[in-house]
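Below: the structure, in structure tokens.
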Amino acid sequence: MSTNLMPDDRRNLAMRLSALQYVVAVAFAALAVGFWVFQVAQHQKFREMAENNHLRKLPLPAPRGVLLDRNGKVLVENRNIFNIALVREQTKNVDATLKTLAAATGVDEAQLRETVSRRRREPTYRPIVLIENATPEQYIAVRARQWELPGIIGQEVPSRRYPGSALAAHLFGYVAEVTEAQLQKADYQGAEPGVIVGQAGIEQAYNRLLMGTEGNRIMIVNSVGREIRVLDEQSSAPTEGRTMQLTIDADIQGAIEDGFAASGFNGAAVVLDPRDGEVLGFTSRPAFDPNSFAGGIDRATWASLNVDELKPLQNRALQGTYSPGSTFKMAVGLAGLEEGIITPEFSVHCGGGANFYGRYFRCWKAGGHGTVKLKTAIEQSCDVYFYTVGNMLGVDRINKWATLFGLGVKSNIDLPNERVGLVPSTEWKKTQREKKWYAGETISVAIGQGQVSVTPVSMAVYAATLANGGSRVTPHLLKAVHDGKAWKPVEAPPPQSKVDVSPEKLQAVRQGMWGVVNGGGTGGRARIEGHDVCGKTGTAQVISNAGRLAAARSGKNLRDHGWFVFFAPRDNPTIAGVVFLEHGLHGPNAASVAHHILATYFAKQDGKPMPPPPTHEDLRLDYKDPYARGAAPAEGGGQ
């Protein structure tokens, strides 16, 4: 068989070879164009990719909203601090990096490891803040050793700045990194791990308004994490939180703080506008420095706050419950008047004590007050008078009227973690203690002892309700919010209840409170010339007389507490509140602190120079312990 190709076959083969040549030529031409595009037209882009460059999305924390007082004075603002953070995807050996960082900055390596471990489930590209509010020395040390610290970056971020080391600390609260438990709650929906949120006080109550919206900076970084350039920042800049105007008056707040500082006592004070419940001043002592939290609190400081026996983190104004002592007597007097048990002219003879149900109850005044009517009984704080009225009323009617005036119930102030006090009743004892209420127990309740317990904030509401004629106001701190364009006033919450109390009967009680300050009563230290201040002192026992004597060598502070509730002026009051001195010995001592608050308020109202901070000597405090006389005051009694 012949293998020679026919002419037609040779022509077909030639055509196929030519076509293949053209295809190959086109392919090589396409490759050449592609290489030109890759190597020339997009040289810079693919050079970066060839060097393993990639994008990093860095969060930009939003500044929290500024807090102003009622007159526009800045109370809480922001400042920039430097944080040192770790981006885990930018380092091959996290352990080695942390070891080097600890050596460079002097921070405990175990603390750094614990921080990373706690956030190990987060994306590796998200920075983990290791050192908050780094010192200049720490920041310089990190910059100097940046090649030894792959993945370590510096961040300039906004941080809270509070006005003083402890000024209104429990009012403002503090901020800190969001906890895992908080991230599970609806209030923190959308928050990223590591974000700073309010953890107490106003910062927590209005966190959604204050925290703003986090932004992002998109960076090009190389394989060792070095930033090449910013791709996009403006399109996702952070949005600052809302500026908020509080009801607080900075001058009144300062007067409260100065008064407590001069007294040397711990305790709490709450000052309200009795017309609508606006909080003019609020403090709890001892306090803490919220600035310590803003920059990242260290372990030693946090531990010291938690083990301190004085409990500086406890908000005594909201969470402390104490016997109100003689300040409770106005509630008992009004209950007697409104229930028709007594009239303002009803009189009782006080010979220094009285027998009830086979037991002798003393009055705080050993010699007695003689025959007294309601006004004088309030003015002189006669225990026997109120023992008698309380016994006639019974505990349930006392409970009814005390509750209507704000005691034993929550105030519903717009701050978190408020506790509720107690005004006992027969039903309460039956359900909670499964025991019968005995009439003899009512005697101690009638003077604010026994099972009665109240919070200072509820006592401020009580004072405001007495002042305004029976409206149980809701204390509140937010006055207006700026939405970025204009101020939006916040409507005051309505009264929680309106007590239908006779003006004539209420005036009889007010007259007694006026006498406490301006007559011969125990609150004369709160007198302000030219202004009719009404008030009532209270000295509340911490422990029974027998228990006090038995525990005399325990080393515990078992001295009496001192109360002073007040409002002014007597007619058409515009200020009301309470001062509570923990272990302050006497109610008159609390009246001394209240005097400076009231003097500041009225000086401001009258356009006069405000009084300077008082000295310890200015307050004229009484440190005489009644137990030192050898004969204790009445069981549960006091001025």
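Readers should treat all values here as calculations from the given coordinates under stated rules, not as data from a laboratory. Quick caveat: nothing in here was measured; it's all calculated off a predicted structure. Cβ placement follows ideal geometry from the backbone for every residue including glycine, while neighbour counts extend to all protein chains displayed.
Only Lys, Arg, Asp and Glu count, each charged at its Cβ (+1, +1, -1, -1), so figure out the dipole size of the chain about its Cα centre, rounded to 20 debye.
Numbers: 70 positive and 63 negative charges, 179 e Å.
Value, rounded to 20: 860 debye.
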Residue-averaged [θ]222 nm for the chain, counting only DSSP H segments that reach four residues, each worth -39500 (n - 2.57): -10000 deg cm²/dmol
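Sort 520-527, 178-185, 29-36 by the packing proxy (mean of other Cβ within 10 Å over each peptide's residues), most packed first.
Details: 520-527: 21.6, 178-185: 12.9, 29-36: 10.2.
Order by mean packing, descending: 520-527, 178-185, 29-36.
Can you give the local net charge around Pro494? Use residues other than it whose beta-carbon is closer than 12 angstrom to its beta-carbon, Lys and Arg +1, Asp and Glu -1. Write out the running numbers ahead of the final one.
Details: positive: Arg472, Lys498; negative: Asp276, Glu491.
Summing Lys/Arg as +1 and Asp/Glu as -1 gives 0.
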Positive minus negative residues near Glu345 (Lys, Arg vs Asp, Glu; Cβ under 13 Å): +2
Out-of-range pairs (alpha-carbon distance over 29 Å; input Lys604/Lys624; Lys375/Lys624; Lys185/Lys498): Lys604/Lys624; Lys185/Lys498
Eligible aspartates and glutamates near Lys329 by straight Cα distance, threshold 12 Å, same-chain separation 8 or greater: Glu379, Asp383
Under the Karplus curve 6.51 cos²θ - 1.76 cosθ + 1.60, θ = phi - 60°, whole-Hz ³J(HN,Hα) for segment 361-375, x wherever Gly or Pro sits: 10, 7, 8, 5, 9, 4, x, x, 10, x, 8, 10, 9, 4, 4
Theoretical gain in end-to-end length, Asn80 to Glu434 [0.36 nm per residue, Cα-Cα removed]: 121.6 nm
Dipole of segment 421-507, positive end: most advanced residue of Val473, Leu422, Trp487 [Cβ charges, Cα centre]: Leu422
The chain: angle of helix 503-518 to the longest principal axis, Cα-based, in degrees nearest 10: 90 degrees
Highest to lowest packing among 192-199, 122-129, 407-414, 429-436, scored as the average C-beta count within 10 Å: 407-414, 192-199, 122-129, 429-436
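Using only the Cα atoms of the chain, what semi-axes does the equivalent ellipsoid have when each is the square root of 5 times a gyration tensor eigenvalue? Give whole Å, largest first. Mind dumping the intermediate values first?
Details: eigenvalues 1040, 121, 106 Å².
The three semi-axes for the chain are 72, 25, 23 Å.
In what sequence, highest mean first, do 352-359, 82-89 appear when ranked by Cβ atoms within 10 angstrom? The partial results should precede the final answer.
Values: 352-359: 14.1, 82-89: 20.4.
Per-residue mean Cβ counts within 10 Å order the peptides as 82-89, 352-359.
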Principal axis dimensions, segment 265-402 - Cα atoms, whole angstrom, descending: 62, 37, 25
Segment 276-360: GluC sites (Glu not before Pro) in DSSP coil with no more than 11 other Cβ atoms inside 10 Å: Glu309, Glu345
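For Asp187 and Leu20, what is the calculated FRET efficiency with R₀ set at 60 Å and r taken between the beta-carbons, to the nearest 0.05? Before the final figure, lay out the partial values.
Numbers: r = 72 Å, r/R0 = 1.20.
With R0 = 60 Å, the Cβ-Cβ based efficiency is 0.25.
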Table column - 3J(HN,Hα) (Hz), segment 310-316, Karplus curve with 6.51, -1.76, 1.60, x for Gly and Pro: 7, 6, x, 7, 6, 7, 4
Under 18 Å from the Cα of Lys485 - aspartates and glutamates, other chains or at least 8 residues apart: Glu240
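Count the net charge of all other residues whose Cβ sits under 12 Å from the Cβ of Pro613, scoring Lys and Arg as +1 and Asp and Glu as -1. Walk me through the intermediate numbers first.
On the way: positive: none; negative: Asp251, Glu257, Asp258, Asp618.
Local net charge: -4.
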Estimated distance in nm for a label pair at Ala480 and Leu558, the labels positioned 7 Å out from Cα along Cα-to-Cβ: 5.4 nm
